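Participant: Following this message is one structure expressed as structure tokens.
The values are calculated or read from the model by the stated rules, or taken from the named source; none is laboratory data. Everything numeric in this text was worked out from a predicted model, so none of it was measured. Reconstructed Cβ throughout: ideal geometry from the backbone, glycine too, with neighbour counts over all protein chains shown.
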Amino acid sequence: MALGFIKKVFTFGKEKPASEKPPEGEDFASLIEAAEKAETDATPDEAVIAAEPVLPEVIETAGGPSPDETDALDAPPALPGIRPTDGGTGIASTSASLTQAASAEALSGNQNDTPSMNVGQNAAPAVPPPVGGMPGRAGGDNGRAQPEAEAVFHLQPEQPADVLHGEIASQEDIAPEQEGPVALPRGFAAVEPTPEPEAEAPKEKLTWFQRLKAGLFRTSSQLTGQIAALFTKRKLDEDTLDELEDLLIQADLGVETAMRITGALSSERYGKDVSGEDVARIMASEITKVLKPVAKPLALDLSHKPHVILVVGVNGTGKTTTIGKLAAKLSGSGLKVMLAAGDTFRAAAIEQLKIWADRTGSTFIGTRLGADAAGLAYDAFEKAKAEKSDVLIIDTAGRLQNKAELMAELEKIVRVLGKLDPEAPHTVLQTLDATTGQNAMNQVEIFRNVAGVNGLIMTKLDGTARGGILVAIAAKHKLPVYFIGVGEGVDDLEPFEAEDFASAIAGIAR
């Protein structure tokens with residue numbers, strides 16, 4: 001069989017003119033002998049495989065069933081280098097491979113004017129055997145499987161990316177069907193979904209005057225409301241002036257301030273119609289005249305370190321908190337501050353002052369509960385001087401002005417500091433609670449005589465309708481008012497401004 005195939009090959013080659021000479025020294029007889037030897041030496045398994053090939057797996061396709069396997073067995077073997085067109089099997093054995101090489105050399109012929117061609121270029125590429133195939137098949141069913149694969153695996157042309165994107169977008173636009181509300185029987189009601197609360201916009205930070213006006217709102221609204229009711233469709237006369245004077249005194253502005261306001265109003269509008277706005281304008285102007293001489297900044301003599309500030313006052317006026325706020329302002333400006341816990345009667349005061357010292361970056365010095373406050377003041381001064389602190393602020397225990405023994409202790413603290421430095425304490429601040437009203441007037445007088453108070457700080461103006469007491473104290477004692485407080489925050493303690501305070505009490509916008 002192999003010899004007949006080889007003869008056909010040689011006959012096929014003779015029908016065409018030789019286009020290329022065979023390579024020199026090539027013996028065709030040796031090729032025939034090698035083919036015969038390979039055929040005789042073939043193993044029984046290879047013969048069985050060649051005689052009984054395994055049927056390929058059937059693949060269902062839209063083009064119908066593939067050709068029967070028997071047709072492939074009857075078809076003649078395909079020539080080397082030519083794709084079978086009649087459904088041949090294309091099964092290659094060892095002898096067929098050698099014959100293919102020989103025929104390729106024969107076809108190359110005696111062409112001397114063209115270069116020799118490589119046999120591997122004309123050979124069909126080997127296709128790996130299908131899954132489940134038996135070993136020993138050199139190239140699988142290349143001859144037929146290739147055109148069948150082209151028919152079976154006919155791929156759709158790739159669609160453009162924009163077309164696919166449009167399809168996806170159109171699918172996304174299709175809204176899912178929403179179920180309608182369920183109809184409940186009588187006696188039942190569906191719970192409405194709770195709307196999510198909207199995020200609150202950040203609040204704008206108020207200016208100092210806005211906070212001051214808000215703090216003095218109770219004082220201002222009560223006073224201006226009564227004045228407006230007094231001057232409704234009424235001309236200014238003696239009776240009206242007397243009633244206005246009583247209102248101003250009840251607002252804790254003091255007798256002197258009340259007389260100043262009524263006198264200025266009488267000289268300007270006597271016998272004429274007067275509105276509440278006219279009274280508010282004149283009242284603000286006269287209060288400013290009273291407060292302006294006492295609205296001064298706290299002067300620090302840093303040439304003699306430390307500058308000692310002694311804070312005194314009755315219980316509950318906010319001494320410790322005020323000290324913490326002052327320390328925050330001073331240390332924030334770069335000064336070295338030391339805080340001394342001289343309130344040895346209250347354990348919470350010592351701990352509170354230590355917290356303020358840690359918060360403001362100040363040095364803290366304290367002692368045990370019930371210790372001598374004058375001794376602590378001595379130690380604090382020596383330590384502040386050794387550490388070159390700029391400011392030393394000493395807290396004291398709250399005491400009522402009618403407690404003689406406590407007031408004597410305060411005198412002792414002042415004497416001890418005076419021995420260390422003749423000018424110490426350089427500043428004696430008294431904290432006043434605005435809610436105490438006329439009682440604050442008496443406190444200033446007593447503490448001034450005992451401790452030599454030379455400056456005031458008014459606190460808690462935001463919690464009272466009696467803020468006018470500051471005007472009365474300023475008019476009587478003429479002591480500087482350094483700071484006022486309208487809240488618990490550090491920013492709620494600000495330097496005292498006469499015009500701002502007067503406008504806030506009179507209810508006039510600035």
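Participant: Can you find even one residue in the range 396-406 that is under 50 Å from the mean Cα position of the chain (by Cα) and at pLDDT 90 or above?
Facilitator: Within the range 396-406, one or more residues are under 50 Å from the mean Cα position of the chain (by Cα) and at pLDDT 90 or above.
Participant: OK, next. How many residues, within the range 229-249, are hydroxyl-bearing (Ser, Thr, Tyr) and surrounded by fewer than 12 Cβ atoms within 10 Å (Cβ to Cβ)?
Facilitator: Residues flagged as hydroxyl-bearing (Ser, Thr, Tyr) and surrounded by fewer than 12 Cβ atoms within 10 Å (Cβ to Cβ) within the range 229-249 amount to 1.
Participant: Also: Every residue in the range 303-331 that is in a helix (DSSP H, G or I) and free of Cβ contacts under 8 Å to residues at least 24 places away in the same chain, please.
Facilitator: Hits for the range 303-331: nothing passes.
Participant: If you go through the range 257-269 one residue at a time, do you hit one that is of a type in the set (S, T, N, Q) and under 30 Å from ILE365 (Cα atoms)?
Facilitator: no
Participant: Free of Cβ contacts under 8 Å to residues at least 60 places away in the same chain, within 21 Å of ILE393 (Cα to Cα) and part of a loop (DSSP other than H, G, I, E, B) - does that describe any residue in the range 455-477?
Facilitator: no
Let's see how each residue does on (1) surrounded by 18 or more Cβ atoms within 10 Å (Cβ to Cβ); (2) free of Cβ contacts under 8 Å to residues at least 24 places away in the same chain:
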position: LEU392; (1), (2): yes, no
position: THR396; (1), (2): yes, no
position: LEU400; (1), (2): no, no
position: ALA408; (1), (2): no, yes
position: ILE413; (1), (2): yes, no
position: GLY418; (1), (2): no, yes
position: ALA424; (1), (2): yes, no
position: ASP433; (1), (2): yes, no
position: ARG448; (1), (2): no, no
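Participant: For the condition under 26 Å from THR436 (Cα atoms), surrounded by fewer than 22 Cβ atoms within 10 Å (Cβ to Cβ) and acidic (Asp, Glu), what is the one hit in GLU286, GLU268, GLU256?
Facilitator: Of the residues listed, the single one that is under 26 Å from THR436 (Cα atoms), surrounded by fewer than 22 Cβ atoms within 10 Å (Cβ to Cβ) and acidic (Asp, Glu) is GLU256.
Participant: Out of everything in the range 450-493 that is surrounded by fewer than 18 Cβ atoms within 10 Å (Cβ to Cβ) and charged (D, E, K, R), what residue ends up being nearest to the chain's Cα centre (by Cα)?
Facilitator: The selected residue is ASP491.
Participant: Going by what's in this entry, would THR431 be described as hydroxyl-bearing (Ser, Thr, Tyr) and not in a loop (DSSP other than H, G, I, E, B)? First the steps, then the outcome.
Facilitator: Values: hydroxyl-bearing (Ser, Thr, Tyr): yes; not in a loop (DSSP other than H, G, I, E, B): yes.
It is true that THR431 is hydroxyl-bearing (Ser, Thr, Tyr) and not in a loop (DSSP other than H, G, I, E, B).
Participant: For the range 332-366, give me each residue that is touching a residue at least 40 places away in the same chain (Cβ under 8 Å) and surrounded by fewer than 21 Cβ atoms within 10 Å (Cβ to Cβ).
Facilitator: LEU335, LYS336, PHE345, ARG346
Participant: Among the residues that make up the range 298-310, is at least one of them at pLDDT below 95, basic (Lys, Arg) and either over 18 Å from VAL481 (Cα atoms) or outside the structural domain of PHE483 (by TED's automatic domain parsing) (or both)?
Facilitator: yes
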